[in-house]
Amino acid sequence: MKKLLTGIMFMMATAGYAQNRSINFNTTSLQEAFKLAKAQHKMIFTDCYTEWCVPCKGMEKLVFTQDSVADFFNSHFINVKMDMEKGEGPAAIKTYTVGAFPTYLLFDENGKQVYKFVGGMSATEFMAKIKLGMKVDNEESRMLARYAAGERQPDLMRELILLKIRQMEIGVAKKLNDELMDLLTPAQRALPENWVLFKENRYAMYLSNVDTRNFNYLVDHWRDFAANNNKDSVDRKMSLIFRKLATESLEGYHFKKQPYVKAQFEHYKEQIKATEMPDKNQLLVLIEMGQAAGEKNPEKVTALFEKNIHTFSEDNLRITWGYVSYCASIPGYKYPRATQIADKVIKKTKNPYLVSTCEMLKANQIRANKPINEAQNK
């Protein structure tokens with residue numbers, strides 16, 4: 001998200017300059033573009049977009065309309081603008097594994113895909129990526145050729161996994177990750193160079209979120225990772241994921257992905273107990289709160305929260321946001337103990353956003369308990 005916002009800011013900064021030209025998208029048919037490229041000996045640039053995609057619109061308005069960008073593309077490429085929800089689009093999504101918008105594809109004059117990149121960005125970054133992709137031995141082509149030839153060195157596999165996530169080919173990345181994990185010995189998995197596949201970073205939501213192979217392995221072998229990488233960073237990663245699990249359980253998001261299963265939550269608690277995280281007792285409470293939410297037991301959720309607020313770290317006090325969402329999701333809920341809970345959190349936290357959330361929690365309690373006639377007259 002930070003990278004996206006930075007890209008949008010860069011694009012906005014260029015909007016004030018007078019520009020007269022834009023990329024000439026002279027066809028919306030990829031098949032027609034293949035014929036033109038063959039005849040004109042040009043590469044093909046394809047902008048994969050949707051009508052509802054905000055970054056797509058930003059690129060179209062603020063980057064594709066810059067004279068320097070337009071001149072370069074109009075002289076070097078057959079340019080295709082393809083709505084991924086119409087015409088050839090849905091089939092192209094499957095053929096070229098398009099997982100996010102905008103996605104940009106480069107093809108050589110023979111119709112072979114040679115490069116892919118994703119997202120809204122500044123004109124400078126956009127042009128840098130394009131010029132990189134135009135090289136015959138660009139990063140993507142070079143790595144894929146090595147992999148196709150049978151190479152399975154860990155460094156190649158690791159870089160391919162990260163590349164495929166950046167390209168939003170998540171299914172491919174996960175298969176490559178599984179292949180790499182099967183190739184590595186337990187000692188190799190915990191080495192610093194492989195920590196990128198387990199730690200908290202831009203790749204984590206796909207590789208090392210709760211219930212993923214990588215996260216389960218990390219929790220079960222945390223001592224190996226702590227010895228090779230840094231125990232504090234390992235503890236922070238595990239704590240963050242379990243806290244996220246508890247929050248998403250209270251918000252209901254976790255149970256949209258899968259139904260509540262008691263055995264799963266008991267397993268999470270056993271995983272936490274086997275660690276030496278400084279806040280593991282707090283995390284056990286958070287998981288119990290999530291479990292109570294799965295059991296549709298708001299009284300237990302509230303009791304656990306109120307009883308343990310004084311023990312929570314600043315990070316774990318963030319469960320307050322999940323708790324407020326949970327309360328709001330219950331039809332006709334009267335917010336029992338809300339004032340007491342809010343005041344305890346306010347006394348404990350230094351986060352002004354949590355304080356304002358707690359004030360809102362108290363206001364919700366007052367509103368929910370007003371007599372019906374008073375509420376109607378309001």
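The values are calculated or read from the model by the stated rules, or taken from the named source; none is laboratory data. Please read all numbers here as calculations on a predicted model, not as lab measurements. Please note: Cβ atoms are built from the backbone with ideal geometry, for glycine as well, and neighbour counts cover all protein chains shown. Just the protein is used for accessible areas: all its heavy atoms, side chains included, with ligands, DNA and RNA removed. Shrake-Rupley method; radii C 1.70, N 1.55, O 1.52, S 1.80 Å.
Just to confirm my filter: which helices (runs of 4 or more DSSP H) fall fully inside segment 109-199 and include at least 2 residues that are open to solvent by less than 60 Å² (accessible area, probe 1.4 Å), under 30 Å from His41 (Cα atoms) and in contact with a Leu (Cβ under 8 Å, 6 or more places away or on another chain)?
The helices (runs of 4 or more DSSP H) meeting that bar are 123-134, 139-148, 154-166.
I'm told Tyr49 meets every condition in (1) over 15 Å from Gly111 (Cα atoms); (2) open to solvent by 30 Å² or more (accessible area, probe 1.4 Å); (3) at pLDDT 95 or above; (4) over 23 Å from the mean Cα position of the chain (by Cα) except one. Can you identify the failing condition by its number?
So Tyr49 meets the others, but not (4).
List pairs: first residue in segment 100-129 and in contact (Cβ under 8 Å) with a residue 12 or more places away in the chain, second residue open to solvent by less than 10 Å² (accessible area, probe 1.4 Å) and charged (D, E, K, R) anywhere in the structure, Cβ distance under 7 angstrom, at least six positions apart or on different chains.
Going by the 7 Å Cβ cut-off, the qualifying pairs are Pro102/Asp47; Thr103/Lys116; Tyr104/Asp47; Tyr104/Lys116; Leu105/Lys116; Tyr115/Glu140; Lys116/Glu140.
May I ask you to verify whether Pro352 is more than 28 Å from the chain's Cα centre (by Cα) and open to solvent by 30 Å² or more (accessible area, probe 1.4 Å)?
Taking the combined requirement at face value, the residue does not satisfy it.
Which residues, counting only those in segment 200-218, are more than 13 Å from the chain's Cα centre (by Cα) and open to solvent by 50 Å² or more (accessible area, probe 1.4 Å)?
Asp211, Arg213
Being out of contact with any strand residue (DSSP E or B) (no Cβ under 6 Å at 6 or more places or on another chain), over 14 Å from Gln167 (Cα atoms), open to solvent by less than 30 Å² (accessible area, probe 1.4 Å) and of a type outside the set (Phe, Trp, Tyr) narrows it down to one of Met84, Met59, so name that one.
Exactly one residue qualifies, and that residue is Met59.
What residue, among those in segment 1-39 that are modelled with pLDDT of 80 or more and buried (at least 16 other Cβ atoms within 10 Å of the Cβ), is farthest from the chain's Cα centre (by Cα)?
Leu36
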